[in-house]
Amino acid sequence: MENSFQFETPENVQVQYAAAGLGTRFLSWFVDQVLIAICMFGVFIFLACAGVSLNVVLEDFFDPESTTPEQAVTYILGFIILIMGFGSFGYFTACELLLRGQTPGKRMTHIRVVKADGFALDAGSIFMRNIFRVLDNVPLTWIIPVMSKRSQRTGDMVAGTLVISDETPEMSHVRVQLSNRTAVEAEFRFDATAIKNLTAQDFEAVERLLERWNEIPEAQREDLAGKLVGSLAVKLKTDVPPTDRHARYLEDLLAAEIRRQNRLLG
């Protein structure tokens, strides 16, 4: 099984990621299941406190007078499984959508869901991978991620997603150089709200290109930088700088993101 893989972003910049280990993914899943169970327990407590008894809820599903105890148990278990299923789907979908491909469990274990083709993770992919979570919870399908070269479960294969390691890597020389650049020194200024709309893949592409800036032939470098800067300028709603200022634009953007991350860390 490969421990890492790479792909090209839409701007033709190669990005490499380490695949999340199956053990780490299981730990993440277990943490999320515990949180879901706690949430569902809270929901049942809330319903009980609100005076909604389980008998009242189940009256619409079967007639207590004509139902055997065995049937009643089956109905109750089915009802609980149905609620847990909807709760699990809603939990994973909402978290991965709002937390950029992470759930609390994934964040705790430092893993993240990304698109396999390098594009930004979208709502449709998240919805699709979690629809298939029901199938992936069947024990017989647990062998699929083990056999997959990219450790993908069925939902990942259908949705075109991957689960990667999100461990903070050792700082590159580019980040070291830019970590001390202040906002006053910036030639290009970026709105903090707009920066939040960029993905981890966007900043990974910026960093990769800057790291290899002097190694890439000038013509190829200008082409790559032009595509990347053009794409970022649209997302950031800024003017596209002249060709000779592309490097400075990317440096100021990455420096702004580093300052933003440092503020979040306190």
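The values are calculated or read from the model by the stated rules, or taken from the named source; none is laboratory data. The structure presented is a predicted model; accordingly, all values stated were derived computationally and were not measured. For neighbour counting, all protein chains shown are included, and Cβ atoms are generated from backbone atoms with ideal geometry for every residue, glycine included.
Listed by position, the helices (runs of 4 or more DSSP H) inside region 148-236 whose residues that are under 26 Å from VAL113 (Cα atoms), in contact (Cβ under 8 Å) with a residue 60 or more places away in the chain and over 19 Å from the mean Cα position of the chain (by Cα) number at least 2 are 173-178, 200-211, 218-236. Taken over region 220-266, the criterion of being of a type in the set (Gly, Ala, Ser) and modelled with pLDDT under 90 is satisfied by GLY266 alone.
Per-residue answers, yes or no, for (1) among the β-branched types (Val, Ile, Thr); (2) modelled with pLDDT of 85 or more; (3) assigned by TED's automatic domain parsing to the domain that holds ALA205:
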site	(1), (2), (3)
VAL73	yes, no, no
ILE81	yes, no, no
ARG129	no, yes, no
THR154	yes, yes, no
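Please verify whether region 188-200 includes one or more residues that are in the same structural domain as ARG245 (by TED's automatic domain parsing) and among the acidic types (Asp, Glu).
First, the residues of region 188-200 that are in the same structural domain as ARG245 (by TED's automatic domain parsing): 188-200.
Restricting the remaining residues to those that are among the acidic types (Asp, Glu) gives 191.
Yes, that holds for at least one residue.
Within region 108-127, track down each residue that is surrounded by 17 or more Cβ atoms within 10 Å (Cβ to Cβ) and part of a helix (DSSP H, G or I). Correct list: THR109, SER125, ILE126.
Limited to region 175-186, what total is found for residues that are of a type in the set (Val, Ile, Thr) and at pLDDT below 85? Qualifying residue count, region 175-186: 1.
Among the residues of region 1-19, which ones are surrounded by 12 or more Cβ atoms within 10 Å (Cβ to Cβ) and either closer than 13 Å to MET108 by Cα or modelled with pLDDT under 70 (or both)?
Here is the first cut: in region 1-19, the ones surrounded by 12 or more Cβ atoms within 10 Å (Cβ to Cβ) are 1, 5, 7-15, 17-19.
Selection gives MET1, PHE5, PHE7, GLU8, THR9, PRO10, GLU11, ASN12, VAL13, GLN14, VAL15.
Being loosely packed, with under 14 Cβ neighbours inside 10 Å and over 26 Å from LYS196 (Cα atoms) is the filter here; which residues of region 208-242 pass it? Of everything in region 208-242, those that are loosely packed, with under 14 Cβ neighbours inside 10 Å and over 26 Å from LYS196 (Cα atoms) turn out to be ASN214, GLU215, PRO217, GLU218, ALA219, GLN220.
A quick yes/no check of all residues on (1) of a type outside the set (A, V, I, L, M, F, W, C); (2) under 30 Å from ILE126 (Cα atoms); (3) touching a Ser or Thr at 6+ places or on another chain (Cβ under 8 Å):
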site: GLN152; (1), (2), (3): yes, yes, yes
site: MET157; (1), (2), (3): no, yes, yes
site: ARG175; (1), (2), (3): yes, no, no
site: PHE188; (1), (2), (3): no, no, yes
site: ILE195; (1), (2), (3): no, yes, no
site: ALA205; (1), (2), (3): no, yes, yes
site: LEU209; (1), (2), (3): no, yes, no
site: ARG212; (1), (2), (3): yes, no, no
site: GLU215; (1), (2), (3): yes, no, no
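In region 238-263, how many residues are β-branched (Val, Ile, Thr) and part of a loop (DSSP other than H, G, I, E, B)? If you could, list the steps in order and put the result at the bottom.
Quick first cut of region 238-263, residues β-branched (Val, Ile, Thr) only: 238, 240, 243, 258.
After this cut, where a residue has to be part of a loop (DSSP other than H, G, I, E, B) as well, the list is 238, 240.
Matching residues across region 238-263 total 2.
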